[in-house]
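**Student:** Sharing a structure, written as structure tokens. Questions coming.
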Amino acid sequence: MESIERALYINQIEKHLGKGLIIVLVGQRRVGKSYMLRMVRDAKISNSSNNVIFIDKEKRAFDTIKNYQDLNQYIEAQWVEGKHNYILIDEVQDIDEFERTVRSYRTEPDTDIIITGSNARMLSNELSTLIGGRYKEIYIQSLSYTEFLTFHKLADNDESLALYIQYGGLPGLQRIGLNENDAREYQMDIYHTVLLKDVIMRNNIRNIPFLENLVRFLADNTGKLISANSIAKFMKSQGESITSSVIINYLSYLCEAYILHKVNRYDIHGKRLFETNDKFYFEDNGIRNAIAGGTREGDIEKVIENVIYQHLVRLGYKVCVGQLQAAEIDFVCTKADGQRAYIQASYIIADEATREREFGNLRAIKDNYPKYVISMTPLLTKNDYNGITHLHLRHFLTKGLQ
């Protein structure tokens with residue numbers, strides 16, 4: 001399989017090397033963390049002044065490394081004095097008390113440590129407890145639209161966009177191909193692996209049928225405001241009685257495994273976060289579609305919203321759902337430097353009623369931050385309506401909010 005550089009992440013990794021930080025690559029399984037680690041390995045191993053110690057916990061060769069003592073012993077055997085040692089560990093959460101090892105080796109001169117993991121809670125808790133702020137977390141997402149085009153050797157057109165919306169951005173699809181049956185089988189295999197290893201086994205879940213029903217419910221309701229109580233009521237109507245507290249726990253487990261992302265509601269007028277009724281988006285659109293049984297009629301709005309949410313995160317925004325009295329703003333996006341933007345997501349703006357709904361909500365916001373409607377309205381590249389910019393989805397995915 002051809003090696004393709006994902007420059008966004010490689011640049012972030014290189015920027016933090018040599019600064020005494022442990023670099024932590026996080027994200028759902030099979031989105032490309034291992035690929036990033038191998039690219040760093042291949043780049044560093046070509047320099048004779050470097051020594052690369054590479055551990056892949058998904059390979060049988062490293063099954064004997066079960067705890068931090070085993071890890072210490074392996075690293076010590078591979079260590080070379082007088083060279084710059086790079087310690088690269090893939091799926092580090094499978095090693096008990098790994099954090100004791102990385103804390104110890106972080107203080108060695110001429111040493112860089114990069115680890116990957118697929119569980120947010122375990123990595124953040126263990127590392128923050130033992131080493132404080134001496135690590136840099138880099139979130140690896142599935143392929144962007146432009147990366148998808150590169151991986152599959154496609155031109156930027158509406159047909160390619162439709163494929164991206166349908167199949168998502170798992171890098172492994174480059175090998176599998178964009179065939180409906182093969183792609184869906186691959187996506188469901190990954191989904192079940194994540195569910196088993198990073199949710200069920202890690203949290204000792206016994207009610208597996210309910211967990212799977214919950215994920216299907218979330219796939220059907222992507223981008224809708226939901227609460228634990230509303231899910232409990234729905235499940236009760238289906239003959240299954242589950243408490244809200246159990247549902248809250250299961251939702252947190254799914255988010256910690258990066259299958260899902262919870263997006264809070266933000267009161268635009270009161271400038272505060274609400275504590276109830278959130279939205280959930282999937283890490284990968286293709287996995288969402290596979291769980292839901294394909295992209296059905298009526299699903300396109302929620303699928304487009306999922307694509308837009310993921311790209312906003314990729315652009316570096318913290319994303320909330322906006323609440324303005326009775327109106328809802330799909331996304332309130334902010335950056336650490338104070339940048340803000342408001343965004344409405346739509347499929348096709350074909351009539352005046354749809355136009356008024358999407359643009360009217362944005363007009364009701366009485367501040368001067370940029371406002372956008374993003375849709376798949378044909379022949380549209382970029383238009384301006386009384387200060388509100390209307391972008392085609394392809395334009396947004398290739399050029400951002402420009």
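The values are calculated or read from the model by the stated rules, or taken from the named source; none is laboratory data. From a predicted model like this one, the values you see are computed outputs, not experimental measurements. Neighbour counts are summed over all protein chains in view; Cβ atoms, including those assigned to glycine, are modelled from backbone coordinates with ideal geometry. Accessible surface is based on the protein model in full, side chains and every heavy atom, while ligands, DNA and RNA are left aside. Shrake-Rupley method; radii C 1.70, N 1.55, O 1.52, S 1.80 Å.
**Student:** Suppose we filter Ile343, Ile374, Ile349 for residues that are in contact with a strand residue (DSSP E or B) (Cβ under 6 Å, 6 or more places away or on another chain), among the hydrophobic types (A, V, I, L, M, F, W, C), within 26 Å of Leu161 (Cβ to Cβ) and in a loop (DSSP other than H, G, I, E, B); which single one remains?
**Tutor:** Within the list Ile343, Ile374, Ile349, the selection yields Ile349.
**Student:** When Gly32 is evaluated against the numbered criteria (1) at negative phi; (2) in contact (Cβ under 8 Å) with a residue 40 or more places away in the chain; (3) in contact with a helix residue (DSSP H, G or I) (Cβ under 9 Å, 6 or more places away or on another chain), which criterion, by number, is the only one it fails?
**Tutor:** (1)
**Student:** I need the full set of residues from region 138-152 which are farther than 14 Å from Glu5 by Cα and open to solvent by 30 Å² or more (accessible area, probe 1.4 Å), in order please.
**Tutor:** Tyr139, the sole residue that qualifies.
**Student:** Could you list, in sequence order, all residues of region 353-365 that are under 23 Å from Leu161 (Cβ atoms) and either of a type in the set (Val, Ile, Thr) or not in a helix (DSSP H, G or I) (or both)?
**Tutor:** Thr354
**Student:** Got a sec? Which of Leu391, Leu397, Leu380 is among the aliphatic types (A, V, I, L, M), in a helix (DSSP H, G or I) and either touching a residue at least 24 places away in the same chain (Cβ under 8 Å) or surrounded by 12 or more Cβ atoms within 10 Å (Cβ to Cβ) (or both)?
**Tutor:** Leu397
**Student:** Of the conditions (1) assigned to a helix (DSSP H, G or I); (2) open to solvent by 20 Å² or more (accessible area, probe 1.4 Å); (3) of a type in the set (S, T, N, Q), Asn368 clears all except one; give me its number.
**Tutor:** Single failed check for Asn368: (1).
**Student:** Can you find even one residue in region 348-367 that is aromatic (Phe, Trp, Tyr) and either within 19 Å of Leu273 (Cα to Cα) or modelled with pLDDT of 95 or more (or both)?
**Tutor:** Scanning region 348-367, I find no residue that is aromatic (Phe, Trp, Tyr) and either within 19 Å of Leu273 (Cα to Cα) or modelled with pLDDT of 95 or more (or both), so the answer is no.
Okay, residues lined up against (1) of a type in the set (Lys, Arg); (2) farther than 27 Å from Leu123 by Cα; (3) touching a strand residue (DSSP E or B) at 6+ places or on another chain (Cβ under 9 Å); (4) surrounded by 15 or more Cβ atoms within 10 Å (Cβ to Cβ):
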{"position": "Ile190", "(1), (2), (3), (4)": "no, no, no, yes"}
{"position": "Leu196", "(1), (2), (3), (4)": "no, no, no, no"}
{"position": "Asn203", "(1), (2), (3), (4)": "no, no, no, yes"}
{"position": "Leu211", "(1), (2), (3), (4)": "no, no, no, yes"}
{"position": "Ser244", "(1), (2), (3), (4)": "no, no, no, no"}
{"position": "Tyr253", "(1), (2), (3), (4)": "no, no, no, yes"}
{"position": "Lys271", "(1), (2), (3), (4)": "yes, yes, no, no"}
